[in-house]
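Quick notes on the structure that follows.
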Amino acid sequence: MTETTRPVLDIRNLRVEYPLANGDTLVAVKDIDLTIRPGEIHALVGESGAGKTTVGNALMGLLQAPGKIAAGSIVIAGKEINLRTGRTEGIVPGRDVGAIFQDPMTSLNPLFTVESQLCEGMLTHLKLSSREAKARALELMKAVGIPEPERRLGSYPHQLSGGQRQRVVIATALACNPQLIVADEPTTALDVSVQAQILKLIRDLADQRGVGVLLVTHNMGVVAEIADRVTIMQNGAVVESGPTREVLTAPKAPYARTLIAAVPPIDTRLDRLPVPSEETQVTLDARATVRRKSAKSETGSRDEVVLSVRDLAVEYGGRGLLRKTLVFKAVKGVSFDVRRGEIFGLVGESGCGKTTVANTIAGLVTQSAGSIDFEGTALGGRREKSIRQSLQMVFQDPYSALNPRLRINAAIAEPILFYKLASNADEARQDAKTLLEAVGLPADAGARFAHAFSGGQRQRIAIARALGPRPSLLICDEPTSALDVSVQAQLLNLLKDLRDLAGLSMLFISHDLAVIRQMCDRVAVMKAGEIVELADTETLFTAPKHEYTRELLRLAPSVERIMGRELASA
Amino acid sequence: MATQSLMRRLPPVSVVIASLVLVVMLVLVIFAPMIAPMDPRDVASYSLMDMEIPPVFMEGGDSRFLLGTDNQGRDLVSVILFGLRISVVIGLGAVVFAAVLGVVLGLVAGFFGGVVDSIVMRIADIFVSFPTILVALLISGIARAQLSAETMLAWAPLVLIFSIAINEWVQYARTVRASTMVEIARDYVRAAKVIGLPSTRIMGRHILPNIMSSVMVIATINLAGAILTEATLSFLGAGMPPTYPSLGTLIRIGNQFLFSGLWWIAVMPATVLVILVLAVNVIGDYLRDHFNPKLMAR
């Protein structure tokens, strides 16, 4: 086997360009080199817009017009890609290069059974008979570890869970014995426990079948978990490349160092995440003003309970008039307290009911049983104006959280005026300006519309808007999960500063244990609508009691757990 | 290069022409009393002596009457200008009435959902299950029976606007309801709710501006439909009376002489009607593609 040493993928000086409408050219990928040997997993990391997905698309011939490979060469299994067509003679995507995409919910066609999707490639590329194809499909289903493979072959995608679907996608990618697999964020849409299984599966495939894997991801934990080599990209260019351990523990390039330092560690709590601070005198002055104005919320003592949730239950459906409809119990009897000035964390996998709890407290959903006590008032369907004012929320998706037709100033000033916290529009605009400065944005940002801002900036605006009514409890529902790590780190620092500033209590919801560890004083772990463990953050992370908590902690991919503590001390 | 990107943003030629046609027609409509050679509502200004004169380009034409005269000796240019005016006013009126009614009901139905939604949308279903023309004939018939001839004359345009709008609002309500349901699931609306803003304010200030583009598109396309419906009703005799003729009334009058060689009395106003509706439709289609790029061919 002389072929084993020949790289399955060899990229030299690859340059991908997109001509823009105004005649300029956007260089999405700038002269990168990348080599993958059989059985090697090569991770491509970077923040959004770094060009990592474009590399994957370029080598699969999936570049969207008008994007084109402008220069360089891509050699897949010894065969060179034709730059003009973007395709390689003798290399068929799907046969020689397998693809695993991010979202298992949309990468399978909902109208066909698993079997027909698995066999499709084999029938066209390998010219197998349908009997042979079916036998091989069964074999693949077993290889990717789907329970009851015979029965699952006849299933439609909607009958499978997210993890099972991603396994089917992997099986499809493997169907024609590819030498190279491009996995673009293969586990981003999955829960940690499923993620761990899928990552192990990909690692095994590389080891046992000698498949080369190009793993595109933004998650350093995933890189540490399975990658042999890693390439860090920024603005289309390679910043650093090398063996995973070397790059992650002793990054040389300044950007690589910042990027790795911004990843919140799961095993230690840092006072602040080590990212460049954007704090200026303007920011500090603005925060002092905000503190002076919101003085009323600092009256209570530190241990006073602000929010008390008892046996909260929420059901969806079941409101059919004529016939009984299926009732889904999203939350089944949850109890916890949030004390003044505390950040209380709710953590759990998707579907565990943590967002429903937040929505119920915020008044977006009505509980079916149990009580919510907020500053001594029981919250039900209708709420006093003063209650609504002291309870504000920051949402997950910064791209839909701001009204696209409102200027930022108007959006922030609206609640201030509504609660009569300013006597006139001018004063409210001044307050909006101060709030913008307090969250680290320039005061003139207020004159623009939401689309002029990046995700991180929008989330800052959303925080400024939520602070306008001078709340005593801020609900943060996955406030950073849509953001890049360095932006996430800045926002987490900001939220901590604001808590200290106004004696604000926070209910912080996240699926990311590392983020929870950095942010929260106490944590409740939720599973299937119930709290399985509630403890001080340090206690929970160092001595978890419940089996489920232990499992979550064990499975969370973490750079420092795998690499030891030799990380560049930040 | 800059000119090239500017070119790309310009609408196609057909839309430019349609817009010009529409602008010219609107100017003519607004300044009709100043432009028209005579006032067709003033009986003293025309004479039966001039009846049935063909257009100037035909043998026997009279330079005073560019497009000829009708059976009462009225100048067709003047009659058409005033008729166009009535058609446009009724069309616009019906669209505005229907849009306001439909947007409000659609917003409320989409925002509150549940029982409110069911009630509003079932009412809409009932309304839409009657043919527009039938309802309009019915309403104008009732109005005609109840009101004296004098009052009917003054009220005819309002009755027409009402009869047309009463069916058309359903389309707005349905579209607005669907768009509202999309918007209320977005975080900025949820944020407005958590901030504690009252429902009316969330609907008016946050949701409405974000769904207006689809309303504008329907309104433009509906304008053409409303003008046509008005013309149909007037043609059937249930619309504007011959003393205050709209384009439809003119076509009805002309229709009686169509086969006696006096074709211009019907064809001239009909041509204007076709041009008007075509121009509005071209613009409406363009707006629809413009605001909903998914419909465009790739």
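Look at region B:36-61: where a residue is buried (at least 16 other Cβ atoms within 10 Å of the Cβ) and a partner is acidic (Asp, Glu), sitting 6+ places away or on another chain with Cβ atoms under 6 Å, you get B:Met38/B:Asp75; B:Ile53/B:Asp62.
As for region A:366-383, it holds at least one residue that is within 12 Å of chain B (Cβ to nearest Cβ) and surrounded by fewer than 17 Cβ atoms within 10 Å (Cβ to Cβ).
Of the residues making up region A:208-228, those that are under 15 Å from A:Ile198 (Cα atoms) and either small (Gly, Ala, Ser) or under 16 Å from the mean Cα position of the chain (by Cα) (or both) number 8.
Might you check whether a residue that is outside any loop (DSSP other than H, G, I, E, B), in contact with a strand residue (DSSP E or B) (Cβ under 6 Å, 6 or more places away or on another chain) and among the acidic types (Asp, Glu) occurs anywhere in region B:41-63? Yes, because at least one residue in region B:41-63 is outside any loop (DSSP other than H, G, I, E, B), in contact with a strand residue (DSSP E or B) (Cβ under 6 Å, 6 or more places away or on another chain) and among the acidic types (Asp, Glu). Could you tell me whether any residue of region A:386-401 is among the β-branched types (Val, Ile, Thr), in a helix (DSSP H, G or I) and crowded, with 19+ Cβ neighbours inside 10 Å? Checked against the condition, which is being among the β-branched types (Val, Ile, Thr), in a helix (DSSP H, G or I) and crowded, with 19+ Cβ neighbours inside 10 Å, region A:386-401 yields no hits at all.
Criterion first (at pLDDT below 90 and more than 9 Å from chain A (Cβ to nearest Cβ)) does B:Glu183 satisfy it?
Details: at pLDDT below 90: no; more than 9 Å from chain A (Cβ to nearest Cβ): yes.
Against the criterion (at pLDDT below 90 and more than 9 Å from chain A (Cβ to nearest Cβ)), B:Glu183 does not qualify.
All told, B:Thr249 falls short of being under 30 Å from B:Gly110 (Cα atoms) and in contact (Cβ under 8 Å) with a residue 40 or more places away in the chain.
Based on this model, can you work out whether A:Ser116 counts as of a type outside the set (Phe, Trp, Tyr) and closer than 22 Å to A:Leu205 by Cβ? Before you say what the answer is, go through the steps one by one.
Working: of a type outside the set (Phe, Trp, Tyr): yes; closer than 22 Å to A:Leu205 by Cβ: no.
No.
Selection of region A:447-469 for residues being more than 25 Å from A:Met233 (Cα to Cα), of a type in the set (D, E, K, R) and either assigned by TED's automatic domain parsing to the domain that holds A:Ile361 or part of a helix (DSSP H, G or I) (or both) yields A:Arg460, A:Arg465. Is region A:394-408 home to any residue that is closer than 11 Å to A:Gly468 by Cα and within 14 Å of another protein chain (Cβ to nearest Cβ)? Checking region A:394-408: not a single residue is closer than 11 Å to A:Gly468 by Cα and within 14 Å of another protein chain (Cβ to nearest Cβ). Looking only at residues of region A:456-499 that are charged (D, E, K, R) and over 16 Å from A:Asp512 (Cα atoms), we find that the one that is surrounded by the fewest Cβ atoms within 10 Å (Cβ to Cβ) is A:Lys496. In region B:227-244, the residue that is surrounded by the most Cβ atoms within 10 Å (Cβ to Cβ) out of those that are in a loop (DSSP other than H, G, I, E, B) and in contact with an Asp or Glu (Cβ under 9 Å, 6 or more places away or on another chain) is B:Gly239.
Among the residues examined, A:Ile531 does not qualify as at pLDDT 90 or above, in contact with a Phe, Trp or Tyr (Cβ under 8 Å, 6 or more places away or on another chain) and part of a helix (DSSP H, G or I).
Would you confirm, using the coordinates I've provided, whether A:Gln430 is in a helix (DSSP H, G or I), away from chain B (no Cβ under 14 Å) and polar (S, T, N, Q)? Step through it out loud before you land on a result.
Numbers: in a helix (DSSP H, G or I): yes; away from chain B (no Cβ under 14 Å): yes; polar (S, T, N, Q): yes.
Yes: the conditions hold for A:Gln430.
The values are calculated or read from the model by the stated rules, or taken from the named source; none is laboratory data. On a predicted model such as this, the values are computed, not experimentally measured, just so you know. Because the Cβ atoms are built from the backbone with ideal geometry, glycine has one as well, and the counts that use them run over all protein chains shown.
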